[in-house]
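Worksheet for the structure shown next.
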Amino acid sequence: MQLVHQPLLLRELLRDKTNVALVATMGNLHEGHLHLVENARKTSKTVVASIFVNPLQFAASDDFDGYPRTLERDCELLAQAGCDIAFAPAIKDMYPTPQTYLVEPDPALGSILEGKSRPGFFRGVCTVVLKLFNLVQPHQAFFGKKDYQQWRVIEKMVEQLSLPIQIHGVDTVREPSGLARSSRNAFLSQQHHQDAAYLYQLISEVAASARKACHEWAELESAARARLAQHPDFHLDYLTIRRQHDLGPPLETERLVVLVAAKLGSIRLLDNVEI
Ligand code: PAF
């Protein structure tokens, strides 16, 4: 595997490649990221993984400087997973001048749920992902369904901007307890690490009930929210049943997903289960 920092060198390496896949990451890799690389490996001749902690998607209150940077270990893991090129640009290469042209997702999708709790987050994500798409020019790109809304926002961006890229959503990798793999799990205390699995258990039960009792979405949501409220360490942001494709309100004729975001102590956890 080659580690490349310079966009020009990356273009040079990819010039004649006909089937390139991109896995975009912010590094600090875990099994979820490696699963994306393994999926990309199955369908593509050249797999590129980008490692870039994107300042545009951090709010002023977020700890951008404190975000773990583990490039050496990330490269070892990527090489083992079958990645061909790790692209780790410097901030000055991604943003040589202040980024004043920004990709603003449709508020109907980008300003709800995560977008409501983290204003500007999807603008930062879409802008950097579009730049990565332009630099790598992949034919396919792989995103984790763990960040369900992010995957849908990017899919819509690609459709609306007519980018010739196939977007794949890849199933969430879980710990044996059911907890979704995430870089943030490392910051959970031992007790909270155990408690965190409850979130997946809860939304799996909501999904199972929704399969049996369709229409009763509002009741299922309120019952689940009330159950979570009994755990004093969880602070719920949202727990909601939505349409899979655009995250709008549920309809009987559409495929649905249960989405949850909650803080456990100071760590924000996200998860979802498709119905
Ligand atoms: O999911 C992430 O790690 C980031 O949001 C992404 C897609 C790499 C963009 O910075």
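The values are calculated or read from the model by the stated rules, or taken from the named source; none is laboratory data. Treat the numbers as computed from the prediction; the structure is a model and nothing was measured. Every residue, glycine as well, gets a Cβ built from its backbone with ideal geometry; the counts of neighbours run over all protein chains shown.
For segment 2-16, does any single residue satisfy the condition of being more than 16 Å from the chain's Cα centre (by Cα) and within 24 Å of D147 (Cα to Cα)? No, every residue in segment 2-16 fails to be more than 16 Å from the chain's Cα centre (by Cα) and within 24 Å of D147 (Cα to Cα).
Going by what's in this entry, would A108 be described as at pLDDT below 95, away from the ligand (no atom under 12 Å from the Cβ), under 30 Å from H245 (Cβ atoms) and surrounded by fewer than 20 Cβ atoms within 10 Å (Cβ to Cβ)? Criteria not met by A108. Here N185 fulfils each of the conditions (1) at pLDDT 95 or above; (2) within 16 Å of the chain's Cα centre (by Cα); (3) within 16 Å of the ligand (Cβ to nearest atom) apart from (1). Summed over segment 144-163, the residues that are more than 11 Å from the ligand (Cβ to nearest atom), assigned to a helix (DSSP H, G or I) and aliphatic (A, V, I, L, M) give a count of 2.
The residues in segment 12-40 that are hydrophobic (A, V, I, L, M, F, W, C) and away from the ligand (no atom under 12 Å from the Cβ) can be counted, and the count is 7. Annotation note: Cβ proximity below 9 Å between a residue of segment 87-105 that is within 24 Å of A49 (Cβ to Cβ) and in contact (Cβ under 8 Å) with a residue 24 or more places away in the chain and a residue that is of a type in the set (S, T, Y) and surrounded by fewer than 19 Cβ atoms within 10 Å (Cβ to Cβ) (sequence gap 6+ or interchain) occurs for P105/S111.
Residues in segment 29-76 that are surrounded by fewer than 19 Cβ atoms within 10 Å (Cβ to Cβ), in a loop (DSSP other than H, G, I, E, B) and among the polar types (S, T, N, Q): S61, T70.
Yes or no, residue by residue, for (1) away from the ligand (no atom under 15 Å from the Cβ); (2) at pLDDT below 95; (3) assigned to a helix (DSSP H, G or I); (4) on the phi < 0 side of the Ramachandran plot:
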{"residue": "G124", "(1), (2), (3), (4)": "no, no, yes, yes"}
{"residue": "V128", "(1), (2), (3), (4)": "no, no, yes, yes"}
{"residue": "F142", "(1), (2), (3), (4)": "no, no, no, yes"}
{"residue": "G169", "(1), (2), (3), (4)": "no, no, no, yes"}
{"residue": "S177", "(1), (2), (3), (4)": "yes, no, no, yes"}
{"residue": "A197", "(1), (2), (3), (4)": "yes, no, yes, yes"}
{"residue": "Q201", "(1), (2), (3), (4)": "yes, no, yes, yes"}
{"residue": "V206", "(1), (2), (3), (4)": "yes, no, yes, yes"}
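Answer yes or no: is there a residue in segment 28-49 that is in contact with a helix residue (DSSP H, G or I) (Cβ under 8 Å, 6 or more places away or on another chain), at positive phi and in contact (Cβ under 8 Å) with a residue 60 or more places away in the chain. Within segment 28-49, one or more residues are in contact with a helix residue (DSSP H, G or I) (Cβ under 8 Å, 6 or more places away or on another chain), at positive phi and in contact (Cβ under 8 Å) with a residue 60 or more places away in the chain. Report every pair of residues separated by at least 6 positions or lying on different chains whose Cβ atoms are under 8 Å apart, first residue within segment 190-210 and touching a residue at least 60 places away in the same chain (Cβ under 8 Å), second part of a helix (DSSP H, G or I) and of a type in the set (G, A, S). Sorted first by the residue in segment 190-210, then by its partner, the pairs are I203/A224; V206/A224.
Please specify each residue of segment 41-61 satisfying the condition of being away from the ligand (no atom under 12 Å from the Cβ) and farther than 13 Å from P138 by Cβ. Within segment 41-61, R41, K42, A59, A60, S61 meet the criteria.
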